[in-house]
1. Suppose we filter Leu180, Leu152 for residues that are more than 16 Å from the chain's Cα centre (by Cα) and exposed (fewer than 13 other Cβ atoms within 10 Å of the Cβ); which single one remains?
2. Can you tell me which residue is farthest from Phe23 (Cα to Cα) among those in the range 106-149 that are charged (D, E, K, R) and at pLDDT 95 or above?
3. Here is a list of conditions, (1) free of Cβ contacts under 8 Å to residues at least 40 places away in the same chain; (2) surrounded by 15 or more Cβ atoms within 10 Å (Cβ to Cβ); (3) part of a helix (DSSP H, G or I); (4) of a type in the set (Ser, Thr, Tyr), and Tyr133 meets all of them except one; can you say which number that is?
4. With the requirement that a residue be among the charged types (D, E, K, R) and either farther than 16 Å from Ile130 by Cβ or at pLDDT below 95 (or both), what does the range 69-105 give you?
5. Of the residues Leu55, Leu50, only one is in contact (Cβ under 8 Å) with a residue 60 or more places away in the chain, of a type outside the set (Phe, Trp, Tyr) and in a helix (DSSP H, G or I); which?
6. Could you grab me the full set of residues in the range 136-161 that are under 16 Å from Asn93 (Cβ atoms) and either without any contact (Cβ under 8 Å) to a residue 24 or more places away in the chain or in a helix (DSSP H, G or I) (or both)?
Amino acid sequence: MRNRILKRLSYLFTGETMSLIMFVFISYLVNYTYPDLHLYSLFSFWSSFLLLEFLLLQGSIYWFVKWKRLKKENTSAAPIRLVEQLWAIKKWNIAMIIIIPAAFIADYFMWLPSTPQGLTIAAFIYIFAILEYVNYFHIQLSYDNRSDINSLKQLKRFKQASLSKDFKKLKKLKAESRNLR
C-alpha cells in the first residue's frame with residue numbers, strides 16, 4: 001500500500017512539474033510559430049499563463065512534500081505549515097482569478113478594431129487555470145487511474161480535493177486549540 005501511494009505521489013508531483021516546464025516551451029513555440037496570434041503582446045495571455053504556472057507550482061510543491069514525507073517519515077500527511085501557507089496563497093489565487101478579466105478587457109480595447117486570435121488562446125488558458133484551481137483547492141476534477149474512476153462511479157459525485165481535506169483538518173486543529181485555551 002505504501003509503495004502504491006509513493007508511486008502515485010511521485011506521479012502527481014512529476015506530472016505537475018513537467019507541465020510547469022513544458023508549458024513555458026509550448027508557449028514560446030506557439031508564439032514563435034504563429035506570430036500573428038500576438039500572444040506575447042497580450043496582457044490577458046501573460047496574466048492567465050502566470051496564474052496557471054503559479055497554480056502548477058503550488059501543486060508540484062504540495063505533492064512533492066507529501067511524497068517526501070511519506071518516504072522519510074512514513075506519513076503522507078501534509079505538514080501544518082505547508083497547509084497554512086497554501087491557505088494564505090489561496091487568497092492570492094482568488095484575487096488573480098478575479099482581476100484577470102480586466103486584462104482581457106484591456107486587450108480587447110487596445111487591439112480594436114481587430115482583436116488577435118491569441119485572445120482566444122488566452123481565454124482557454126484562463127479557463128484551464130480556473131479548473132486547476134478548483135482541482136487543487138476544492139473538488140478533484142482529474143480522474144486518471146482506475147481507482148479514481150471506480151470511486152467516481154461508486155460515489156456518483158466528484159471527490160473532495162486532497163488539499164481541501166487538509167484545510168478542513170487545519171480548521172479542526174485550530175478550533176480544538178482555541179477550545180483548550
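The values are calculated or read from the model by the stated rules, or taken from the named source; none is laboratory data. All of these numbers come straight from a predicted model, not from anything done at the bench. No Cβ is skipped: glycine too gets one built from the backbone with ideal geometry, and neighbour counts run over all protein chains shown.
1. Leu180
2. Residue satisfying both the conditions and the ranking: Asp107.
3. (1)
4. Arg69, Lys71, Lys72, Glu73, Arg81, Glu84
5. Numbers: Leu50 fails: in contact (Cβ under 8 Å) with a residue 60 or more places away in the chain.
Exactly one residue qualifies, and that residue is Leu55.
6. Let us first name the residues in the range 136-161 that are under 16 Å from Asn93 (Cβ atoms), namely 136-139, 141, 161.
Selection gives Tyr136, Phe137, Leu141.
The rows are residues; the columns are (1) on the phi < 0 side of the Ramachandran plot; (2) crowded, with 17+ Cβ neighbours inside 10 Å; (3) in contact (Cβ under 8 Å) with a residue 60 or more places away in the chain; (4) not in a helix (DSSP H, G or I).
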position: Ser60; (1), (2), (3), (4): yes, yes, no, no
position: Lys72; (1), (2), (3), (4): yes, no, no, no
position: Ile89; (1), (2), (3), (4): yes, no, no, no
position: Asn93; (1), (2), (3), (4): yes, yes, no, no
position: Phe104; (1), (2), (3), (4): yes, yes, yes, no
position: Ser114; (1), (2), (3), (4): yes, no, no, yes
position: Ile125; (1), (2), (3), (4): yes, yes, yes, no
